[in-house]
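The values are calculated or read from the model by the stated rules, or taken from the named source; none is laboratory data. Note that the structure is predicted; figures quoted are calculated from it, not measured. Here the Cβ positions follow ideal geometry from the backbone for every residue, glycine too, while neighbour counts run over all protein chains shown. Ligands, DNA and RNA are excluded from the accessible area calculation, which covers all protein heavy atoms including side chains. Shrake-Rupley method; radii C 1.70, N 1.55, O 1.52, S 1.80 Å.
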Amino acid sequence: MVGICFRLPMASEKIAKVLSFEGLISAPFTAFKPNGEINEKIIPDYVEHLVKNGVKGVFVNGTTGEGLSLTVEERKSIAEGWVKAGKGKLELIIIQVGANSIKDAQELARHAESVGASGIASLPPLFYKPPSDEHLVAYFKGIADAAPSLPLMLYHIPSYSGVEIVLAEFLPKARAAIPTFCGAKFTSTDVRDLLKCHTFTEKPFKLLSGFDEVLLPCLACGVTAAVGASYNFMAPISLRVLDAFKKGDIKGAREIQNRVLKAVQTLARHGQGIACFKAAMNLVGPLDVGAPRLPLVPLTAEALSQLKEDLKTLKAEEWSRI
C-alpha cells in the first residue's frame, strides 16, 4: 500500500499530461519480417516518419498493431521499442495491455510502467464479456493495481469487442474505484454518448477519437485528440481538419474530412481493413511494415493491383505534404 500511495503523485502528473494532450496519435502497425517474426528494428525510423508528418503520439499494440495476434513477449518487445525510440520525440506513448487472461494484462501493464510508457489502455474482456459496468470496473481495477503510476484508459471499440456499454455511465464508475482511470479511446459512432462524456466539466475525462473518417463530428463533441491507422501515412490531411476546425472554418474542415472519408472507404474495399492499410503503408512509403499475421491475410495480387490504381486516383503522393 505504501508503494502504491508513493506512486499516485506520479500518476497525477501523467494524467494531467494525457488530459492536456491535443493532436494526432498514430495507431502504428506491427512490422513483420517475411518469415512472420516481428521486426522491431524498424521502430526508430517509424518514429522519425511520424514526427516528420506531425504526429505527436502512438497507441501501441491495439487493433491496427495486431496486438491480440502477438505473444506477451512480442508485445513487451514492441512496447519497449516504441518507448525507447520515442523518448524526447513523442509526447504520448500509450500501450494497449488488454488480454483475456488478467495475469497477462497485469504483466503487460507492469512492463509498460517499468519501461516508462506515458499510460496504458485496455480492451474489455473479449470472451467472458462483462455483464455489467461493475464487472468491467473490476477487470480494470485489476489492471490498474499492477501499474499504479500510469494513467489508465478504456479502449472502447464495440464493433470489434462486442462489449456494448454506455460510456458516459461507465466513466464515473471507473474513476470512483480507480484513481488512475482517466478516459477512453472512443472508437464508436455513437456521438450522443461521446457528447455526454464531455459534460463532466469539473473533472473531465480524456476522450480520444478512434475513427479517422469521423474526426470532425468528434471535434464538435469536444474531442481534442485522435488515434488512427490512417495517421501512419496520411496524417497531414487530418491535421488540416484540426486546423480548420480551430479557426472556425467548418466548411473547409468538412471538405478535407470528406477527402479522408473517401480515402478510408476506398482503401478498405480491397479486403480486411488492416491488411488494406498495411498494403497502402508499404506502397506509399517510406517504410515497409510487411504483411499482416494470421488470422488476417494479405491482399491478393489482384486486390493489390487495384489498390495501386486507387492510390493514384486518390493522389496519395500528396498525403505527406504538411
**Request:** Putting +1 on Lys and Arg Cβ atoms and -1 on Asp and Glu Cβ atoms, find which of L287, L24, L108 reaches farthest to the positive end of the dipole of the chain.
**Result:** L24
**Message:** So if I average 1/r over every pair of distinct C-alpha atoms in the stretch 217-322 and take the inverse, what Kirkwood radius in Å does that give?
**Reply:** 14.6
**Cβ-derived FRET efficiency at R0 22 Å, S159 paired with T313, nearest 0.05** = 0.20
**Item:** Sulfur and carbon atoms: percent of accessible area, the stretch 1-158 [1.4 Å]
**Value:** 57
**Asked** Tell me, what is the per residue accessible area of the chain in Å², probe radius 1.4 Å?
**Response** 45
**Request:** Could you calculate the FRET efficiency of T266 with K173 from 1/(1 + (r/R0)^6), where r is the beta carbon distance between them and R0 is 41 Å, rounded to 0.05?
**Result:** 0.55
**Request:** Return the calculated 222 nm mean residue ellipticity for the chain, to the nearest 500 deg cm²/dmol, obtained by summing -39500 (n - 2.57) across DSSP H runs with n ≥ 4 and dividing by the residue count.
**Result:** -15000 deg cm²/dmol
**the chain - charge dipole about Cα centre, Lys and Arg +1 at Cβ, Asp and Glu -1, debye rounded to 20** = 540
**Item:** For the chain: relative contact order, % (alpha-carbon pairs under 8 angstrom, 6 or more apart)
**Value:** 18
**Prompt:** In the stretch 47-198, with Lys and Arg counted as +1 and Asp and Glu as -1 at Cβ, which of these residues, I157, L123, I93, has the Cα nearest the positive end of the dipole, that is, farthest along it?
**Reply:** I93
**Prompt:** Expressed as a whole number of Å, what is the distance separating the alpha-carbon centroids of the stretch 164-220 and the stretch 257-318?
**Reply:** 29
**Message:** Can you pull out the trypsin sites (Lys or Arg not before Pro) in the stretch 42-100 whose DSSP state is coil and whose Cβ has at most 14 other Cβ atoms within 10 Å?
**Reply:** K87, K89
**Prompt:** If you work out log10 I(q)/I(0) by the Debye sum over Cα atoms at q = 0.07, 0.11, 0.14, 0.15 Å⁻¹ from the coordinates, which of (i) -0.29, -0.72, -1.12, -1.26; (ii) -0.52, -0.94, -1.06, -1.10; (iii) -0.25, -0.65, -1.09, -1.26 do you get?
**Reply:** (iii)
